[in-house]
1. Residues in segment 299-310: is at least one assigned to a helix (DSSP H, G or I), at pLDDT 95 or above, touching a Pro at 6+ places or on another chain (Cβ under 8 Å) and surrounded by 22 or more Cβ atoms within 10 Å (Cβ to Cβ)?
2. What pairs come up if the first residue lies in segment 260-275 and is open to solvent by 20 Å² or more (accessible area, probe 1.4 Å), the second is outside any loop (DSSP other than H, G, I, E, B) and not charged (D, E, K, R), and their beta carbons are under 6 Å apart, counting only those six or more places apart or on different chains?
3. Please determine whether any residue of segment 69-89 is open to solvent by less than 80 Å² (accessible area, probe 1.4 Å), in a helix (DSSP H, G or I), free of Cβ contacts under 8 Å to residues at least 12 places away in the same chain and among the charged types (D, E, K, R).
4. Kindly list, by first and then second residue, each pair from a residue in segment 16-30 that is more than 14 Å from residue 138 (Cβ to Cβ) to a residue that is open to solvent by less than 10 Å² (accessible area, probe 1.4 Å) and part of a strand (DSSP E or B), limited to pairs with Cβ atoms under 8 Å and residues at least 6 apart or on different chains.
5. Any chance segment 134-147 includes a residue that's out of contact with any Leu (no Cβ under 6 Å at 6 or more places or on another chain), surrounded by 13 or more Cβ atoms within 10 Å (Cβ to Cβ) and closer than 22 Å to residue 363 by Cβ?
6. For segment 276-288, enumerate the residues that are open to solvent by 10 Å² or more (accessible area, probe 1.4 Å) and farther than 22 Å from residue 344 by Cα.
7. Return the total of residues in segment 6-37 being under 27 Å from the mean Cα position of the chain (by Cα) and either among the hydroxyl-bearing types (Ser, Thr, Tyr) or open to solvent by 50 Å² or more (accessible area, probe 1.4 Å) (or both).
8. Under 7 Å between Cβ atoms, at least 6 apart or on separate chains: pull out the pairs that start in segment 131-158 with a residue that is assigned to a loop (DSSP other than H, G, I, E, B) and end on any residue that is of a type in the set (A, V, I, L, M, F, W, C).
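The values are calculated or read from the model by the stated rules, or taken from the named source; none is laboratory data. Owing to the predicted nature of the structure, the values given are computational and were not obtained by experimental measurement. Don't worry about glycine lacking a Cβ; one is built from the backbone with ideal geometry, like all the others, and counts go over all protein chains shown. Heavy atoms of the whole protein, side chains included, go into the accessibility calculation; ligands, DNA and RNA do not. Shrake-Rupley method; radii C 1.70, N 1.55, O 1.52, S 1.80 Å.
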Amino acid sequence: MFSKETYISRRAELKKLVGEGVILLFGNNESPCNYPANAYYPFRQDSSFLYYFGQKRDGLVGVIDIDNDTETLIGDDIDIEDIVWYGSVDCVKDLAAQVGVSHTAPMSQLKEICDKARAAKRTIHFLPPYRHDIKIQLMELLGIHPSQQKQAASMPLIQAVVKMRSTKEPQEIEALERASVIGYQMHTTAMRIARPGVTEKYVGGQVDGIAFSHGAMPSFATIFTQHGEIMHGNPSLALLEEGRLALCDCGAETIDHYCSDNTRTFPVSGRFTQRQLEIYSIVEACHDYVLDVARPGVKYMDVHFAVCRLMTEKLKELGLMRGDTDEAVKAGAHAMFLPHGLGHMMGMDVHDMENLDQINVGFDAETRPNLEQFGTNCLRMGRRLEEGFVVTDEPGIYFIPALIDDWRASGHCKEFLNFDLLETYKDFGGIRIEDDVLITADGCRFIGKDRIPYHPKDIEAFIASRS
């Protein structure tokens, strides 16, 4: 938790941006795994509630009455039965005081607060809910059916939260740096223990254990696979094989709930083959190119397409693509190899604020998404960069057999793709390199003092040094 003054200041700014009405910010409840007393662990609080109210306990709602300039933390104190099983915790009044909130009320009074606001025709602002228990609660409070709640969510509140959470405070950047330290250990552990005969599951489990051992948690479900062409390839019981590439995409979430998100691809045997090195070097160049072009005032969509053009040029040198580079990118031919966007916002959520709808987070009135073109429709971040933004830089090249077959059969982008040569890469897999980028006053930099090895010689040297 940050200082009390941090949360007071954030709520004051939120009130200014939203302007009028009553704001409801729902914390999360425990989520049962397979029966009520066996909840998913660890408990994860809603990020926007954390941002403005700071408390990690379940069963809380923050109410901000803008017109009357009051703030209330809603929640029930735990009873003796809970204390027996889980120990004593601070009462709701103490939790409120810790973040500078003067008023508290039991959960039973939330309906009364909402009823009074509705009777007075006041605007009640809420964010689009993503958990079904909160949707049911909202229906009981406001009479809005769950199927209508996303549309009924407050756009002024969404825009205010996006504006504030997009620009990271210095203390948030420090928290992201701490997450990167754990992320470094996670990735270097994977490189150290991955070898022929070890299962993907074993490596993935050890990687997750690093996060938990720091009092943190993985920031998302760890991806560790020899099938790098599968975007979200979770670890399987498959044995790692000599000559294959292993792709590890993982990150840590600190006890302050700030994330890291990195990807490394490395040879199971410890040395790249010539063909692997040729493709890897293209991804490496695209990854590093972002440092040259990403800066305040530049659209991240333009950075994405600059990377796509560089990738196309280099794939043409290998004979996998052909034709005019600009026309190929305009047609979306590069998406055969890069079917996703260059990156996304990152912070308290690994895909920061994605629950507020990516069109509100990664785009704005000036920069709109292209939802029609394959690959481009997966671009999560396109708007102009600002100092203090944190985005991921994650180019990749993937050889997806089903996609190769589909495009070849339909003739899609055939003037730009060498399908005969592509056939010989169907057993290749995929390569992605990802780091977290902080936009600075005059450019950008990677987050993290220690760089997880990613240059080929550094990877091979690191693997060679393992015991």
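1. Yes: one or more hits.
2. Close Cβ pairs satisfying both conditions: 272/456.
3. Scanning segment 69-89, I find at least one residue that is open to solvent by less than 80 Å² (accessible area, probe 1.4 Å), in a helix (DSSP H, G or I), free of Cβ contacts under 8 Å to residues at least 12 places away in the same chain and among the charged types (D, E, K, R), so the answer is yes.
4. Every condition considered, the pairs that remain are 18/125; 21/125.
5. No, segment 134-147 contains no residue that is out of contact with any Leu (no Cβ under 6 Å at 6 or more places or on another chain), surrounded by 13 or more Cβ atoms within 10 Å (Cβ to Cβ) and closer than 22 Å to residue 363 by Cβ.
6. 276, 277, 278, 281
7. 11
8. Close Cβ pairs satisfying both conditions: 144/138; 144/152; 145/139; 153/126; 153/127; 154/126.
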